[in-house]
Amino acid sequence: MIVGIDGIELDRIGGGQIATAEFIKLIQDKNHEIKIFSNRNFDTTKMVNLYGIKNVEIIPLNSKFNISLNSLLMHFYLRKSPVDCFIKSNWFIPPKRIPYFNYALFPLNIFLYEKFSSRISSSSFRRGLYWILEIIQDRLLDVSGKYSLYNIALSYFVKKLFQILYKIDYKVIYPPVVQEDLYVSEKEPNSIVAIGRITKEKRYDILIQLAHKYPDYNFKIIGGFDYSKENFSVLKEITENSKKLKNLKVFPNISRKKLIKILSNSQFLIHLMPYEPFGIVIVEALACGTTPIVHLNSGPSELIQKSLFGNSFHDFQDLLENFNQFLDPKPPSKLISRAKDFSSDKFRKNISKYLYEFLDLIKDKKEGLL
């Protein structure tokens, strides 16, 4: 069979990429042909080095389009060059007419995203335009997962969003987190690190406020920066404040080896983004014996079980006013034990049952057994 899968950018490390790589390996174990759809023509040599993936066809879409537009582009591509089924494990939205397996990272509803919300609220015309785009998208693509044969979410937080938005129930299987290169080292007192892409939604502005208000703590920001105009202002704000403050440092685009060293030496990891679907860095912090501090309204809060394996705050005002009460380090042995719940082996074991059922079902239909 020919199996389509959304690989997005398999030449870099990320939660969606790691999950996709596991899906590809499981599919290849059954000797199926794979077409990977991506939002750009990425470096296949890096893909092989990072994930060991070979013998796949890459279909690059338009790098200038967003996920919704590229999903529509994929819709028309599949009319010309069809696949037998599709595995959704990243962001692309499959057409309704293709049987597919849905491993959902987040509901792809434009009104859930801050950058769209700010544009919509500023103009009634834009709000109307986005509603029209949403209707067109919903007519052609299965945004809700209603037509999927299997619906699985990567966290209970995401499962709840699908239930609220679309009244559709999802199973939950946590994604895999690579932990083989992670380790525990001696903690630097009062050290706090934030890790994530340097973008507006990561809320590094709050961390800057914390650094101003709490000079006795040392804050570090480790972030991937893509040199886009949209994110440059965020990096500029962080960099300018790091020059003014002795207790704030920024490390853009550093190696994974250096990232792990800083994370392992830090006493706390702080994650400020609300509505984060899962948070791979939370599990990485647990594996390093570093205590996470996270927003209560997010996937990371269920990973630490609110306060059992870390600390969670209700809102930014709560965090800024009562920061000291969240600086409660947990025993590293306890955190490491929790991190093991998110191993690649556990993910393969849990997901393979549903994935192989799906592939067998498609195969039987193709051979006319059903």
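The values are calculated or read from the model by the stated rules, or taken from the named source; none is laboratory data. Note that this is a predicted model, so its numbers are computed, not measured. We place every Cβ from the backbone using ideal geometry, glycine too, and count neighbours over all the protein chains shown.
A few remarks follow.
- Residue-level check: of (1) part of a loop (DSSP other than H, G, I, E, B); (2) farther than 30 Å from A21 by Cα, Y275 misses just (2).
- Scope region 353-370; condition surrounded by fewer than 16 Cβ atoms within 10 Å (Cβ to Cβ) and in contact (Cβ under 8 Å) with a residue 60 or more places away in the chain; matching residues: Y356, E357, K365, K366
- Selection over region 89-116 of residues that are at pLDDT 95 or above and under 19 Å from the mean Cα position of the chain (by Cα) gives a count of 3.
- N102 being within 19 Å of P277 (Cβ to Cβ), in the same structural domain as E357 (by TED's automatic domain parsing) and in a strand (DSSP E or B): yes
- Scan region 84-99 for residues that are part of a strand (DSSP E or B) and among the β-branched types (V, I, T) and the total you get is 1.
- Hits in region 240-265 - residues which are loosely packed, with under 14 Cβ neighbours inside 10 Å, over 25 Å from the mean Cα position of the chain (by Cα) and part of a helix (DSSP H, G or I): E240, K243, K244
- Enumeration of residues in region 290-326 that are closer than 17 Å to K220 by Cβ and not hydrophobic (A, V, I, L, M, F, W, C): T290, T291, P292
- For region 205-231, the set of residues classified as part of a helix (DSSP H, G or I) and either at pLDDT 90 or above or among the β-branched types (V, I, T) (or both) consists of D205, I206, L207, I208, Q209, L210, A211, H212, K213, listed by residue number.
- Tally of residues being crowded, with 17+ Cβ neighbours inside 10 Å and farther than 25 Å from V177 by Cβ across region 33-58: 1
- Here region 169-222 is the region considered, the condition is being touching a residue at least 60 places away in the same chain (Cβ under 8 Å) and of a type in the set (V, I, T), and the residue that is surrounded by the fewest Cβ atoms within 10 Å (Cβ to Cβ) is V184.
- Residue list for region 7-20, filter: over 16 Å from P277 (Cβ atoms) and either in contact with a Gly (Cβ under 8 Å, 6 or more places away or on another chain) or in contact (Cβ under 8 Å) with a residue 60 or more places away in the chain (or both): G7, I13
- Selection within region 59-82 - outside any loop (DSSP other than H, G, I, E, B) and surrounded by fewer than 12 Cβ atoms within 10 Å (Cβ to Cβ): F76, R79, K80
- G279 falls short on exactly one of the conditions (1) at pLDDT below 95; (2) surrounded by fewer than 22 Cβ atoms within 10 Å (Cβ to Cβ), and that condition is (2).
- Whichever residue in region 18-32 is crowded, with 18+ Cβ neighbours inside 10 Å and farther than 24 Å from S81 by Cβ and, among such residues, is farthest from the chain's Cα centre (by Cα): E22
- Hits in region 237-272 - residues which are farther than 20 Å from K213 by Cα and not polar (S, T, N, Q): F251, P252, I254, R256, K257, K258, L259, I260, K261, I262, L263
- Within region 161-204, tally of residues that are over 20 Å from S266 (Cα atoms), outside any loop (DSSP other than H, G, I, E, B) and at pLDDT 95 or above: 2
- Among (1) surrounded by 19 or more Cβ atoms within 10 Å (Cβ to Cβ); (2) farther than 18 Å from N190 by Cα; (3) of a type outside the set (S, T, Y) - the single one I270 does not satisfy: (2)
- Among the residues of region 287-304, none qualifies, meaning not one is in a loop (DSSP other than H, G, I, E, B), crowded, with 24+ Cβ neighbours inside 10 Å, at pLDDT below 95 and not assigned by TED's automatic domain parsing to the domain that holds A104.
- Cβ-Cβ under 6 Å pairs, at least 6 apart or on other chains, region 39-51 side in the same structural domain as H75 (by TED's automatic domain parsing) and of a type in the set (D, E, K, R), far side loosely packed, with under 15 Cβ neighbours inside 10 Å and at pLDDT below 90: R40/S63
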